[in-house]
Amino acid sequence: MSVEQAPVQRADFDQVMVPNYSPAAFIPVRGEGSRVWDQSGRELIDFAGGIAVNALGHCHPALVKALTEQANTLWHVSNVFTNEPALRLAHKLVDATFAERAFFCNSGAESNEAAFKLARRVAHDRFGPEKHEIIATVNSFHGRTLFTVSVGGQPKYSDGFGPKITGISHVPYNDLEALKAQISDKTCAVVIEPIQGESGVVPADKAYLEGARKLCDEHNALLIFDEVQTGVGRTGSLYAYQHYGVTPDILTSAKSLGGGFPIGAMLTTTDLAKHLAVGTHGTTYGGNPLACAVACAVLDVVNTPETLAGIKAKHERFKSRLEQIGQQSGLFTQVRGVGLLIGCVLSDAWKGKAKDILNAAEKEGVMVLQAGPDVVRFAPSLVVEDADIDEGLARFERAVAKLIQG
Ligand SMILES: *Cc1c(COP(=O)(O)O)cnc(C)c1O
């Protein structure tokens, strides 16, 4: 028999949690598709998707089935043993991408940690210790471990924790000349988000990624694409590198990969993978059967022509309505992004107020995200129903109207 659980409220957060987050005033308790209900039974439409994680919305039947079946079969064995779901997932990812090898972990930061360590290891083995420099971009986000905040281009996340990892430089995003000026024979890797997610939904120019690929080849440096946010259908291609037609040496994936169950992956070639020989890297939970079973189910639903085409169609539906709302209200100057990663750039009058817009939207019953202080971000379920898009944007429009009235 289940034991009655003690009631908890938002106020408990301030009593028992480390204060590194500032969660909303309400607590979501249940979700279905693109709808979420809070403790009071209030219903909201979810265009935040757990920060681009809930790729198939909430409690998608295929994911519930995969998770419960696996939960009744085998939860965890560690990497002292391999397991069937991990091998199946690796096959799916290898079949669907440039990659020939997969490494599994539990988050985006860990997948990048593995990517950066692999890049340094390859350079160390092939060229010696001098070749260890990593070039990243200004305003990039790669996670919150010390290595990944050091590589990330945002001092607000990396300062104040003592010495950072050294050998890392930052160049302006989408600026090929700046990359060209910085890259050298000491560079072991260049890491780029094909669309900068956290810092404003800024898509790369195709020529920039092509140029970066060429520069890396000329300098024996590896090109790493951080696809933690852009991966698994988010752009309407399975991975954004396929949308751009520029292939990296190492790709990192997380967020949507588990559809809400924690998992990360680093994908690469056989030739590079061999540098992470037995014992060089690892993680207890990586490749956990529960996570891998769910990720297999996510890929089975997302990586179909119907779902991917649907994402492109839904992009148009969002974009045209958001542009209309932006023009009528004077709130945005631009709606940008690819697939279902969309950023609305606030006009000068509203600069810095993305959080106020989030709060106003929530009051009207729609959850959206910010991407920095000046951009409102939408990262809904990849299979969000058209009716939910229309209703959610109607609520968003009401929120904007109220905000403008003051
Ligand atoms: C979210 C994100 C990460 C970090 O992922 P975590 O799972 O939070 O560690 C890394 N890179 C990008 C591009 C992201 O959007």
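The values are calculated or read from the model by the stated rules, or taken from the named source; none is laboratory data. Worth saying up front: this structure is predicted, and the values here are computed from it rather than measured. Cβ coordinates were reconstructed from backbone atoms using ideal geometry, including for glycine residues, and neighbour counts include every protein chain displayed.
Could you please let me know if W37 is touching a Lys or Arg at 6+ places or on another chain (Cβ under 8 Å), at pLDDT 95 or above, over 27 Å from Q196 (Cβ atoms) and aromatic (F, W, Y)?
Working: touching a Lys or Arg at 6+ places or on another chain (Cβ under 8 Å): yes; at pLDDT 95 or above: yes; over 27 Å from Q196 (Cβ atoms): yes; aromatic (F, W, Y): yes.
Here the answer is yes, as W37 does meet what is asked.
Of all residue pairs spaced 6 or more apart or on separate chains, none has beta-carbon atoms under 8 Å together with a first member in segment 175-195 that is part of a strand (DSSP E or B) and a second member that is charged (D, E, K, R) and surrounded by fewer than 20 Cβ atoms within 10 Å (Cβ to Cβ).
May I ask you to list the residues in segment 206-234 that are in a loop (DSSP other than H, G, I, E, B), of a type outside the set (K, R) and under 28 Å from L56 (Cα atoms)?
Going through segment 206-234, the residues in a loop (DSSP other than H, G, I, E, B) turn out to be 219-221, 227-234.
Remaining after also requiring of a type outside the set (K, R): 219-221, 227-233.
Scanning segment 206-234 gives E227, V228, Q229, T230, G231, V232, G233.
In segment 377-400, what residues are under 17 Å from A354 (Cα atoms) and either surrounded by fewer than 16 Cβ atoms within 10 Å (Cβ to Cβ) or within 22 Å of the chain's Cα centre (by Cα) (or both)? It would help to see each step written out before you state the result.
As a first pass, look at segment 377-400 and keep what is under 17 Å from A354 (Cα atoms): 377-379, 393, 395-400.
Correct list: R377, F378, A379.
Counted as qualifying within segment 1-103 are the strands (runs of 3 or more DSSP E) with 1 or more residues that are in contact (Cβ under 8 Å) with a residue 60 or more places away in the chain and surrounded by 15 or more Cβ atoms within 10 Å (Cβ to Cβ), namely 35-38, 43-46.
Would a scan of segment 264-271 turn up a residue that is assigned to a loop (DSSP other than H, G, I, E, B), within 16 Å of the ligand (Cβ to nearest atom), surrounded by 19 or more Cβ atoms within 10 Å (Cβ to Cβ) and in contact (Cβ under 8 Å) with a residue 60 or more places away in the chain? Write out each step before concluding.
Our first condition is that a residue be assigned to a loop (DSSP other than H, G, I, E, B); within segment 264-271, this holds for 269.
This time we only want the ones that are within 16 Å of the ligand (Cβ to nearest atom), so: none.
Scanning segment 264-271, I find no residue that is assigned to a loop (DSSP other than H, G, I, E, B), within 16 Å of the ligand (Cβ to nearest atom), surrounded by 19 or more Cβ atoms within 10 Å (Cβ to Cβ) and in contact (Cβ under 8 Å) with a residue 60 or more places away in the chain, so the answer is no.
Within segment 134-151, residues that are of a type in the set (D, E, K, R) reach partners that are outside any loop (DSSP other than H, G, I, E, B) and near the ligand (Cβ under 10 Å from one of its atoms) with beta carbons closer than 6 Å, at six or more positions or on different chains, in the pairs R144/A109. Taking segment 320-354 only, how many residues are buried (at least 22 other Cβ atoms within 10 Å of the Cβ) and among the basic types (K, R)? Residues flagged as buried (at least 22 other Cβ atoms within 10 Å of the Cβ) and among the basic types (K, R) within segment 320-354 amount to 0. Collect the residues in segment 243-260 that are away from the ligand (no atom under 13 Å from the Cβ) and of a type in the set (S, T, Y), keeping them in residue-number order. Listed by number, the residues that qualify are Y244, T247.
Anything in segment 104-131 that is surrounded by fewer than 24 Cβ atoms within 10 Å (Cβ to Cβ) and within 16 Å of the ligand (Cβ to nearest atom)? List them, or say none. The answer is N106, S107, A109, K117.
For segment 308-331, a residue qualifies if it is among the hydrophobic types (A, V, I, L, M, F, W, C) and in a loop (DSSP other than H, G, I, E, B), and exactly one does: L331. Looking at segment 208-234, I want the residues that are within 12 Å of T247 (Cα to Cα) and of a type in the set (F, W, Y) and have a partner that is part of a helix (DSSP H, G or I) and within 16 Å of the ligand (Cβ to nearest atom) with Cβ atoms under 7 Å, at least 6 apart or on another chain. Which pairs are those? Close Cβ pairs satisfying both conditions: F225/Y241.
Say we look at segment 132-144 and pick out the residues that are hydrophobic (A, V, I, L, M, F, W, C) and over 15 Å from the mean Cα position of the chain (by Cα); which of these is nearest to the ligand (Cβ to nearest atom)? Among residues in segment 132-144 that are hydrophobic (A, V, I, L, M, F, W, C) and over 15 Å from the mean Cα position of the chain (by Cα), the one nearest to the ligand (Cβ to nearest atom) is A136. When S169 is tested against (1) over 23 Å from G49 (Cβ atoms); (2) within 16 Å of the ligand (Cβ to nearest atom), only condition (2) is not met. Residue count for segment 204-242, restricted to those that are within 16 Å of the ligand (Cβ to nearest atom), under 17 Å from A309 (Cα atoms) and of a type outside the set (S, T, Y): 5. Which of the residues that make up segment 287-307 are surrounded by fewer than 18 Cβ atoms within 10 Å (Cβ to Cβ) and assigned to a helix (DSSP H, G or I)? D300, P305, E306, listed by residue number. Within segment 235-261, count every residue that is hydroxyl-bearing (S, T, Y) and not in a loop (DSSP other than H, G, I, E, B). Counting residues in segment 235-261 that are hydroxyl-bearing (S, T, Y) and not in a loop (DSSP other than H, G, I, E, B) gives 5.
Out of curiosity, is I134 surrounded by fewer than 21 Cβ atoms within 10 Å (Cβ to Cβ), among the hydrophobic types (A, V, I, L, M, F, W, C) and in contact with a Lys or Arg (Cβ under 9 Å, 6 or more places away or on another chain)?
So I134 fails the test.
A residue that is farther than 17 Å from E113 by Cβ, more than 14 Å from the ligand (Cβ to nearest atom) and surrounded by fewer than 16 Cβ atoms within 10 Å (Cβ to Cβ) can be found somewhere in segment 147-158.
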